[in-house]
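What follows draws every value from the coordinates through simple rules; no lab data is involved. Since the model is a prediction, treat every value here as computed from it, not as a measurement. Cβ coordinates were reconstructed from backbone atoms using ideal geometry, including for glycine residues, and neighbour counts include every protein chain displayed.
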Amino acid sequence: MWRRGLALASIALLVAGTFAGLSPAASAKGGTKTFKGSSIPFTFRYPSTFRRGTVKGIGIKNRLPAVGLDTLDLIIIRKAGVRIPNAELKRFVRDLLKRLHAKPASLRAEKHSGLRMIVARVPNEVDHKPTVSVLYFFGGAGTTWEIECQSTVERRVALTYGCGLAINTLRFP
C-alpha cells in the first residue's frame, strides 16, 4: 500500500510540476498573442510560443488558418457550414463525424466564452502517429465554426493549455 501511495504521490508531483510550467502566470512571461484573420469573424488569444501558419484541409482547396507548436500539435480554425440552430448542433456534429468515419470518445455540450458549443473528443492518427483531436463547434456571424485542437501525447499538456486559452478568450467583435 505504501508503494502505491508513493507512486501516486510521485505522479501527482510530476503532473503538478508539468502544469505549473504552463500556468497562466508562467505563460505571462512568454505572453500571449491575439489571433485575427481576415476571413475569420472572431478573435482569440493563444500562447506566444505557438507559431501561426496554415494547414491543408481534407477535401478542400484552400489552406486553413492554424496556430501551434508543429504540424501535429496545433489549433485549426474552419468553417463547418451554414448556421445550425443550437438545438440541432449536436445531431449535426454526430452526423458529420459519422460521414467522416470518426468515432468520438465523447460528445457533449459545453459553454465557453458565453457560447454554447458541442465538443467532441476524437482519437485519430496523422502521418502514422496517434493524435487526439478535441473539436469545438459553435455558431457565430451567421455560420457554424469549428476549432480543432489536435495533439500528440508528447505535447498534450501544452496544447490543452493553449486550446483552453483560445476557447475561453474567443470573441466576436
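Karplus-based coupling profile of the range 75-90, in residue order and whole Hz: 10, 10, 10, 8, 6, 9, x, 5, 5, 9, x, 3, 5, 10, 5, 5, with θ = phi - 60° in 6.51 cos²θ - 1.76 cosθ + 1.60 and x standing for Gly or Pro.
Given charges of +1 on the Cβ of Lys and Arg and -1 on the Cβ of Asp and Glu, with all other atoms neutral, how large is the dipole of the range 87-127 about its Cα centre, in debye to the nearest 20?
Numbers: 10 positive and 5 negative charges, 53 e Å.
Computed about the Cα centre, the dipole is about 260 debye.
What ranking, highest mean first, results for peptides 92-102, 137-147 when packing means the other Cβ atoms within 10 Å averaged over each residue? Kindly include the intermediate steps, with their values, before the conclusion.
Details: 92-102: 13.5, 137-147: 18.3.
Peptide ranking by packing, descending: 137-147, 92-102.
Report, in whole Å, the centroid distance computed from the Cα atoms of the range 141-162 and the range 50-96. Taking the Cα centre of each part, the range 141-162 and the range 50-96 sit 9 Å apart.
In this structure, T43 and R116 have a Cβ-Cβ separation that, at R0 = 22 Å, corresponds to a calculated FRET efficiency of about 0.70. Under 5 Å from the amide H of T144 lie the amide H atoms of A80, G81, V82, R83, I84, each residue being 5 or more positions distant or on a separate chain, with H modelled from the backbone and absent for Pro and chain starts.
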